[in-house]
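> The structure that follows is given in the form of structure tokens.
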Amino acid sequence: MGTLTVDDQTLSFEQIARGEADQRFVLVVEYRGATGIESATVDLDVTSRRDATRDVIEDALTAWYESQSEVTVESFEVVERIECRRGDALDRGEDPADEPEVEPIDGPEPGVDADALTEGDRVAYYVEGPHSAVYGYIAEGVVEKVPPWHRGVPGQGELIADRAVLDVGDRTREVPLEWIIGSTADSTVADAVDRSYPA
């Protein structure tokens, strides 16, 4: 966890692995009111795209509309929101020194989204995690599986959403997305690699 500053306020900064991210569906309504075109966001009580049926949307729009006065619905869309970063104010009597000590990252900032990876890419990653004091070196691997993928029987085993499978030379390894720095096609990433992929 790090910090960022907005004016004179300090906020915590935490990257969220996709598998641990808060995911929700919202209805975004664009409407014409007394002051012109505006928009509103309504939470939907659904857990997947398939659950956002015509009836669910109609009920949500009706309930929202009945709570308004003198508006005309112009358009709507259902949006899936997936948390990727979060933070809290640290200047409300909280002292960052009270947090457990974490080894600083001695290298490029890690953490990628699954959609930034493609099978066959060469990527750099922290071998035992970016905060490891002993094994925190950077190696190179080749992406074999991009999340989400199934462990075990294809399509039936455990769904893995927060780890990529990398060929690391003598074996394959599951590596958390938050340990992966990015493609070694980027010269800055390539320069940070301590152990290249075996020729």
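The values are calculated or read from the model by the stated rules, or taken from the named source; none is laboratory data. Because the structure is a prediction, the values reported are computed rather than measured. Using ideal geometry, Cβ is built from the backbone for each residue, glycine included, and neighbour counts are taken over all protein chains shown. With ligands, DNA and RNA removed, areas are computed over all heavy atoms of the protein, side chains included. Shrake-Rupley method; radii C 1.70, N 1.55, O 1.52, S 1.80 Å.
> I'd like the full set of residues that are at pLDDT below 90 and open to solvent by less than 80 Å² (accessible area, probe 1.4 Å), limited to the stretch 41-67.
Residue satisfying the conditions is Ser48 alone.
> So the check is Cβ under 7 Å with 6+ separation or different chains; which pairs have a first residue in the stretch 58-73 that's without any contact (Cβ under 8 Å) to a residue 40 or more places away in the chain and a second one that's open to solvent by 90 Å² or more (accessible area, probe 1.4 Å)?
These pairs meet every condition: Leu61/Phe76; Glu70/Ala34.
> Can you find, within the stretch 20-40, the residue that is farthest from Cys84 (Cα to Cα) among those that are loosely packed, with under 13 Cβ neighbours inside 10 Å and touching a residue at least 24 places away in the same chain (Cβ under 8 Å)?
Ala34
> Then there is this: If a residue must be under 13 Å from Arg122 (Cα atoms) and over 20 Å from the mean Cα position of the chain (by Cα), how many such residues does the stretch 169-188 contain?
Number satisfying all stated conditions: 5.
> Select from the stretch 150-199 the residues that are open to solvent by less than 50 Å² (accessible area, probe 1.4 Å), of a type in the set (A, V, I, L, M, F, W, C) and farther than 15 Å from Thr118 by Cα and list them in ascending order.
Ile160, Val168, Val189, Ala190, Ala192, Val193
> Output the residue which, of all residues in the stretch 123-157 that are in a strand (DSSP E or B) and more than 20 Å from the chain's Cα centre (by Cα), is modelled with the lowest pLDDT.
Arg151
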